[in-house]
1. Could you run through the stretch 340-380 and say how many residues are over 17 Å from the mean Cα position of the chain (by Cα) and of a type in the set (D, E, K, R)?
2. Kindly evaluate A455 against the criterion of being farther than 30 Å from I384 by Cβ, in contact with a Cys (Cβ under 9 Å, 6 or more places away or on another chain) and aliphatic (A, V, I, L, M).
3. Hey, Y163 hits all of (1) modelled with pLDDT under 95; (2) crowded, with 16+ Cβ neighbours inside 10 Å; (3) over 17 Å from V21 (Cα atoms) but one; which does it fall short on?
4. With respect to Q275, is the statement that it is modelled with pLDDT under 90, under 29 Å from I85 (Cβ atoms) and not assigned by TED's automatic domain parsing to the domain that holds G400 true?
5. Assess whether V98 counts as being at pLDDT below 90 and out of contact with any helix residue (DSSP H, G or I) (no Cβ under 7 Å at 6 or more places or on another chain).
6. Go through the stretch 282-322 and count every residue that is on the phi > 0 side of the Ramachandran plot and aromatic (F, W, Y).
7. If I ask for residues that are among the hydroxyl-bearing types (S, T, Y) and under 22 Å from the mean Cα position of the chain (by Cα), which ones from the stretch 155-207 would you list?
Amino acid sequence: MFSATLLLVLSVFLSRIIGFVREKIIAYIFGAGGQTDSYRAAFQLPDMLNYFLVGGVASVVFVSILGRYREQGREDEGEKALSAILSMMLVVLSTGIVLAEVFARSYVAYFFRGFSPDKIALTTEMTRILLPAQLFFFSGGVLASVLIVRKQFAYQALSPLIYNIFIIIGVLLLAGRIGVSSLAVGALVGAFLGFLVLNYVGVRQLGVQLRLTLNWKHSGLYEWVRLSLPLMLGVSLVTADTWIINHFAAHATGEIALLNFAKTLFTAPMAVLGQAAGAASMPFFAALIGQGKHQEFAAQVNSSVTRLIAISFLGSAAMIGLARPIVDVLLRGGALHEADAVMIAKYLSIFSVSLFLWSSQSIYARAFYAAGNTFTPMVAGTVILLLSLPLYWELYHLQGATGLVIASDTGILAQTLAMAVLLNTGGLVRLSGLGWMEMGRALVAALVAGGVLVAFVYGVPQLAGFVGALIQLIVGTVLWVSCCYGVLQVTGSRLPEEIKGRIFGRKKLA
């Protein structure tokens, strides 16, 4: 599982590097103004459609189902189940997309009430371009689940790279003709090639036979509906956080852009740590559950969470301490000015406090899914979301956009604690099995490294401009690595040697 995680970590890392290039181009050409607000907002209706019609994480459910078929030696029946599910949901999703195309303008005008008529029109145009991409994401997710169950992760590793590359190609080729809408066109093409076509090629090479057939009575279809329905009916903060932030931020021009730039930078390490590890762990968790190895399952979950939290503490220290040079190097320039960079760095620092929560909750969620339980996390997530809404409202009116970021951190804290406690009380994964001492050592190292970075960035005179920010970033990174490694070694942490051992092929430390 760790090897698969490393592959996906590398993929996500490369994807995020490409994503930084994409964000730099967006910031340079369009800045943090109304056009960028519209582009970010245009993803919201398509994302909601995907979430409420196919559960948002359809491939996770597929992996759980197909994993059980595979463990039982019934792969042919699994292919029939997958064909029935794919066929039915393509009909449902296509219908939803047609309706969304018709009512897109009404949705945008209602949800983004602070938008001017021009911004509403531009957001609607890009929303309609992006809506068909949900067919490609869903179909690609179904096909990817077949590959994941067979421990084939290379295709999943390539998909986000292709997607981001075509967004960049779109803006470079078409920005002069159709402006910011070029980003939406690139995203549509990238979704088709990166998710649907690529995974289809992978499945065909494995010899898997999938046929579109409206078999409404297949038992696998009923199982998928049973497991996915809670994901469709409930909404957790993990999904809705950006929706809520965008809704409130729509009342001030440029705030959606600034907050989304910050969250994009924040989600880079979050994706590298949490999402990659979660995607890699799912088939292994499902296999252990399918084999009845519940103790091994619990131990694997706790091991993954311990490692993620420890590394996340260290990552937060770097992001908080180096927030300003990170933003200056990756985004500042062109239409994005110094005042914008200052605000993005501020939001990034606050978001980064919760990195360990976003990373670990992805593992806890997949522990539930692997066990065939999507109802409990759905109920918990929905309740926490409803309880969090007044907090977003109150903090926004007290502190503006900064309050939204604080509310986001607070909400994900409640979400992660709830998932961990529910797994513990249900006897599935005990909290006592976490490596508390290892996480404590990492926290000490993070606090020391973070303090050194803040003193360096804000206490030592620096060169101005891009060169100065780049030097800050390079020297700061060296200081961060040195401090983290030194403190971890002094405190007796096994994390550095374990990571090196995994990467270079040595056995895991006892």
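The values are calculated or read from the model by the stated rules, or taken from the named source; none is laboratory data. Computed from a predicted structure; not experimentally measured. Don't worry about glycine lacking a Cβ; one is built from the backbone with ideal geometry, like all the others, and counts go over all protein chains shown.
1. The total comes to 2.
2. Values: farther than 30 Å from I384 by Cβ: yes; in contact with a Cys (Cβ under 9 Å, 6 or more places away or on another chain): no; aliphatic (A, V, I, L, M): yes.
No.
3. Among (1) modelled with pLDDT under 95; (2) crowded, with 16+ Cβ neighbours inside 10 Å; (3) over 17 Å from V21 (Cα atoms), Y163 violates only (3).
4. Details: modelled with pLDDT under 90: yes; under 29 Å from I85 (Cβ atoms): yes; not assigned by TED's automatic domain parsing to the domain that holds G400: no.
No, not satisfied.
5. Working: at pLDDT below 90: no; out of contact with any helix residue (DSSP H, G or I) (no Cβ under 7 Å at 6 or more places or on another chain): yes.
In short, no.
6. 0
7. Y155, S159, Y163
Residue-wise test of (1) of a type in the set (V, I, T); (2) at pLDDT 90 or above; (3) surrounded by fewer than 21 Cβ atoms within 10 Å (Cβ to Cβ).
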position	(1), (2), (3)
L237	no, no, no
I245	yes, yes, no
E255	no, yes, no
L259	no, yes, no
V305	yes, yes, no
D340	no, yes, no
